Structure formats: structure tokens, C-alpha cells
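Visitor: Here it is, the structure, as C-alpha cells.
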Amino acid sequence: MGSPVCGFLKQNNIIFLRFFAILVLSCIPDGTNLCSNPSFDTLTIPPHSSSSSIPSSFKTLTLDGYFSFENLKHAAKDFGNICHYLPIAVLHPKSVSDISSTIKHILYMSSVTKLTVAARGRGHSLQGQAQAYQGVVINMESLDRPSMYIENGEVPYVDVSGSELWINILHETLKYGLSPKSWTDYLHLTVGGTLSNAGISGQAFRHGPQIDNVYQLEVVTGRGEVVTCSDKENADLFYGVLGGLGQFGIITRARISLGPAEKMVKWIRVLYSEFSTFSNDQEHLISSNNSFDYIEGFVMINRTGLLNNWRSSFNPKDPIQASQFSSDGKILYCLEMVKYFNPEKIDVLNQDIEKLLSELNYIPSTLFLSEVSYVEFLDRVHLSEIKLRSKGLWEVPHPWLNLLIPKSRILDFAEGVFGNIVKDNNNGPILIYPVNKAKWNNRTSMVTPEEDIIYLVAFLSSALPGTDGLEHIMTQNQHILDFCAKAQLGAKQYLPHYHTQDEWQAHFGTQWETFVQRKSAYDPLAILAPGQRIFQKAISIT
């Protein structure tokens, strides 16, 4: 099949070239960086008064849902709680046609306004990516969700709304003994939100990220067109949208691959004092044919009484040895592994686990085990959320930094960052684990280092009251980024956030030209996802 971009050129070459010229001339982000206040304070920016006439034009649209024009602060807030861009309106769509009609209306008005559109699911963005300053935020949660259709035949899948939560998909597919194969660590997110990024967790070494487990999408493009796409139909749009940061279309439906689901998991944690031993064991496990079903890891710096903290949910294999282990003043690395199983096969499972553990070089006294249900494990972060919300500690700034590091430089990264730049992790966990990228699809928009094995390193900090605060964490993040650049590690940001187009171009590298071509084909006036600050909205030439 020919490329949709080429087909569009052939159909309307003059219009395409005009749109492309507009895009190229206007794609440098706005020079005002509303999110980088030198004092690191959060910032709320009201809409310009000159925009006051725009809401009246929206009232002329015939919709199944409705617009709201007042009390919009919720649409200027996200999980990061650092950037706050007030929109001029929020669309609460009931149907996909509401989204399509709104985008077409904004296109129609493009000669007199620079309105942009951001799709917002659960608002779990970190730097205002799902916000639209003086634009329209689409509240995807209000979209009517048809019943999930589950195909449990030879190639099982589930058809879901782009606004559906992964936790709901889990519960529904389990009724058929099935579930998605790849997850994020946190399941209370929308399908459209994670597929616009990637969706990575401890299963990605085997199944790839969530974007590699999708058969079909329905997308509303920046032209307002509702398009069904897949590997065989409108493939350029399909792969562009997956990991495309919302730049080419809004995902309104997805067909997601399913696999058999077990009922229980064996959950294991062990510790290492040497990073090279830790990383070698991780790489060994992700390269084995018969391995665990989930492999992650995290770093702990000077965590007193670490093993005692685990005892509330894990049991030491050797309680006496575990009680003699001291973590004070040390940098330790935890390997976290899970094996799925059904209770009737527990004996075979234990034998498999014993064999796998015998191949590893962890500190013997730090072997801790737990058995929980499949659902309880996958939804584990939500339990922490409930506890934090009860203490008023969930809606705080979250200046997270997520990096992808090539295997060949991970030792350099660990030596330069852990214990030097980052001297503790009292502000939040530090995740680190490898994935086998050879099993990933390289046609999506997601950008990774070029090596087959890469590490995800996630600094999941929270600016909690009584801690060092937001300024300290953001300064530390910048030191980490500066170290990566100076050492030329070849690192890439996951859930990327940049200030200039030069930085975005460097991020995409050889994929930049394709990214720009797709933007010009599917969102030529740069209406969609302004919060990513990759392209600036253009005004059409009439």
C-alpha cells in the first residue's frame, strides 16, 4: 500500500505545499516558556481577554455533548502539578462526532484565531502536555464508552474506547480468562493517553510496550477526519499515532491484543550491592527463553531498615539472615521479579523459580517472597495512591524524569549519577530495568537509543512538604540531563519535555523528517497537543 502522505500529495499537491510551508514557518515553539519559571513555582496563566468572543461561536455547534466556559481550573492541572495553562473552553463530548465537529470548526476559524486542542484523559501528564493555553481541552472521560467487545478466539483481542481505563479492561477481560499482555505500572490511565506515549512496564522485555500490542485504531486527525487505521489500512497514520505524543490525532478507539491470564503471582525481591552484578543478572533474565513474566528493578540510597519495611507484604526466605542484614549508608539495587501461575500448578512453578534464582548472584540473605492475586499485583500502585490521598500527599508537584539509556553506557550512567548527583531517594523511587528492544516495532513514533537492549531509568520524585522541595528536585534533574549530555551517553527522554525545537529535533534524530511530514499530512495547522510544545499553531492563508 502506498503512503497516505504520498497519496495526499498526489490528490492535492498545491494545498499540501501551502500547508507544509505554513507548518515549517510556524513550527518553532512559542518563545515564552510558561512552565520554566526561574523560581520553579507553579504557574497559572489566564486567557487573553481578546478571546472572549470565541465561546459564542462554539455555541452554534450541534453536539451530543456540551462546552463549558467557566470554572476551568481542573483542565489546567495535571499529575505533574507544575504547569497550569487555562483553556478558553472545555469540550465534554458524548460522541466521536463531537470531537470531529469541534476540530473542523476550529479549522474553519483558523484564519482569525490560533485556537488549539488538547485531549485530556486522567490528566496524568507531567509538564502540561494535555493542557491548551487559550485553547480547547477535550475531556475524554465524558466520551460515551460502548461496551467492550472481546474476541476470545484464536487471535484474542478487545475493542475499547480510547477513553477507557486500563483497570476496567483488566477486570472485563479476566471474565474470559484473558488480559492485555503489556502494562504500565499504574492502571488508572486511559488507553488513548498511554498509547500516545508508549506504555512501558516490567513486561516490555517480552511483549514490547503497549503500543506494540495494538491491532487497530480509530483516530480523529487534526483535520477533523475520523479514520480507522491499522498495519494494513492507513498504516502511516497508525504507526505515527502510536507513541506520537498526540501530534497526529486523538485516539477514540483501540483494538488491543490479549493473552491468557493466570490467577496468582509469585512476587520476589532480592538485593545487590554492586551495580554491574545487578545489571548482568537483569540482562540475563530478559534474554532467557524461560524467565519471569515481569522484571523491574530500583535503586535505594542510604535507606535505613530497608528489609524491615518489606516485611509488611513480603516474607524473608531466611528470617535470621535477613534480620542481620544492614542497609545503612549503602547504595543497594533491588531486582524485582514476578511469575504468573494458577494454584494447581504451584509445584511446577516453585521448581521453575528455584532454577531461575540459582542462576543469579544476589545477596542470599535478602531474598523476599510474596504471593498475591494477579489483579492485586497489577493494581499495586493504586493502593499506594489511596494511602497518599488519605494523607493529602498525592496532589503535590511530581517533577519526574524518565530516561532511556543504551546498555553500553548504563555502567557509566550509574557511576556518574547514583551517590554523586543523587545522594538519596527520599523524594521517591528510582526505577531501573532493561528491555529487549529487538522485540519492539521500530515503525512507531516512539524514539529510543539505537541499541537492542536499553534501560528505562525513572526518577519518580514528589515534592512533598518538609522535603527539599520542587526547586531542589528540578535542579537535580537538570544535573542528570547535563551529565548525560556531557558524557554523550546517547540517552533519550521517555515522556519527553523540551523547551526548543532544536532539542526536539535532536530527540527525534533521523525520525524528525518523518515526524514533520506526518504533522503536515494529518495536522497541517498544528492544532493538536500544543502542550507538548513541539509545533506552534499556524493561521491558514486564505
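The values are calculated or read from the model by the stated rules, or taken from the named source; none is laboratory data. None of the values given here were measured: they were computed from a predicted structure. Reconstructed Cβ throughout: ideal geometry from the backbone, glycine too, with neighbour counts over all protein chains shown. Ligands, DNA and RNA are stripped out before the accessible areas are found, and what is left, the full protein with its side chains, is counted by its heavy atoms. Shrake-Rupley method; radii C 1.70, N 1.55, O 1.52, S 1.80 Å.
Visitor: Looking at the range 461-479, can you tell me whether even one residue there is under 29 Å from Phe205 (Cα atoms), open to solvent by less than 20 Å² (accessible area, probe 1.4 Å), out of contact with any Pro (no Cβ under 8 Å at 6 or more places or on another chain) and modelled with pLDDT of 95 or more?
Guide: no
Visitor: Does Ile169 qualify as being among the β-branched types (Val, Ile, Thr), over 25 Å from Asp64 (Cα atoms) and within 18 Å of the chain's Cα centre (by Cα)?
Guide: When the stated conditions are applied, Ile169 passes them.
Visitor: Separate question: Show me the strands (runs of 3 or more DSSP E) found entirely inside the range 214-288 where at least 1 residues are in contact with a strand residue (DSSP E or B) (Cβ under 6 Å, 6 or more places away or on another chain), under 23 Å from Leu378 (Cα atoms) and hydroxyl-bearing (Ser, Thr, Tyr).
Guide: Strands (runs of 3 or more DSSP E) meeting the threshold: 214-221, 249-260.
Visitor: Follow-up. Of these, Glu274, Glu359, which one is closer than 25 Å to Ile430 by Cβ and exposed (fewer than 14 other Cβ atoms within 10 Å of the Cβ)?
Guide: None of the other options fit; the residue is Glu274.
Visitor: Still on this structure: Of all residues in the range 392-421, which are at pLDDT below 95 and among the aromatic types (Phe, Trp, Tyr)?
Guide: Trp394
Visitor: What's the number of the condition Tyr374 fails, among (1) modelled with pLDDT under 95; (2) crowded, with 18+ Cβ neighbours inside 10 Å; (3) of a type in the set (Ser, Thr, Tyr)?
Guide: (1)
Visitor: Cβ-Cβ under 6 Å, sequence separation 6+ or interchain: first residue in the range 360-382 and of a type outside the set (Phe, Trp, Tyr), partner assigned to a helix (DSSP H, G or I) and open to solvent by 40 Å² or more (accessible area, probe 1.4 Å). Which pairs?
Guide: Within 6 Å, the pairs are Asn361/Thr277; Ser365/Gln321.
Visitor: Give just the number: which of (1) open to solvent by less than 40 Å² (accessible area, probe 1.4 Å); (2) over 30 Å from Asp159 (Cβ atoms); (3) under 27 Å from the mean Cα position of the chain (by Cα) does Asp293 not satisfy?
Guide: Of the numbered conditions (1) open to solvent by less than 40 Å² (accessible area, probe 1.4 Å); (2) over 30 Å from Asp159 (Cβ atoms); (3) under 27 Å from the mean Cα position of the chain (by Cα), the odd one out for Asp293 is (2).
Visitor: Counting only residues that are modelled with pLDDT of 95 or more and among the polar types (S, T, N, Q), which one in the range 128-151 is nearest to Gly246 (Cα to Cα)?
Guide: Of everything passing the filter in the range 128-151, Gln129 is nearest to Gly246 (Cα to Cα).
Visitor: Right, something else. Among the residues in the range 44-63, are any more than 23 Å from Pro524 (Cα to Cα), modelled with pLDDT of 50 or more and in contact with a Pro (Cβ under 7 Å, 6 or more places away or on another chain)?
Guide: No - not one qualifying residue is present in the range 44-63.
Visitor: Which condition breaks for Cys484 when tested against (1) hydrophobic (A, V, I, L, M, F, W, C); (2) part of a helix (DSSP H, G or I); (3) touching a Gly at 6+ places or on another chain (Cβ under 9 Å); (4) open to solvent by 40 Å² or more (accessible area, probe 1.4 Å)?
Guide: Just one mismatch for Cys484, condition (4).
Visitor: Being among the hydroxyl-bearing types (Ser, Thr, Tyr) and without any contact (Cβ under 8 Å) to a residue 40 or more places away in the chain is the filter here; which residues of the range 486-513 pass it?
Guide: Tyr498, Thr510
Visitor: Step by step: first the residues of the range 490-525, then only those that are among the hydroxyl-bearing types (Ser, Thr, Tyr), part of a helix (DSSP H, G or I) and open to solvent by 40 Å² or more (accessible area, probe 1.4 Å), then the one that is nearest to Leu404 (Cα to Cα). Which residue is that?
Guide: Thr510
Visitor: State which residue pairs qualify: first residue touching a residue at least 24 places away in the same chain (Cβ under 8 Å) and in a loop (DSSP other than H, G, I, E, B) and inside the range 57-70, second residue basic (Lys, Arg) and open to solvent by 30 Å² or more (accessible area, probe 1.4 Å) in any location, beta carbons under 8 Å apart, and separation of 6 or more residues or different chains.
Guide: Leu63/Lys94; Asp64/Lys94; Gly65/Lys94
Visitor: Also, I was wondering about something else. Among what's in the range 103-129 and is in contact with a helix residue (DSSP H, G or I) (Cβ under 8 Å, 6 or more places away or on another chain) and open to solvent by 50 Å² or more (accessible area, probe 1.4 Å), pick the residue that is farthest from Val396 (Cα to Cα).
Guide: Result: Arg122.
Visitor: So Ile211 ticks every box in (1) surrounded by fewer than 24 Cβ atoms within 10 Å (Cβ to Cβ); (2) not in a loop (DSSP other than H, G, I, E, B) but one. Which box is left unticked?
Guide: (1)
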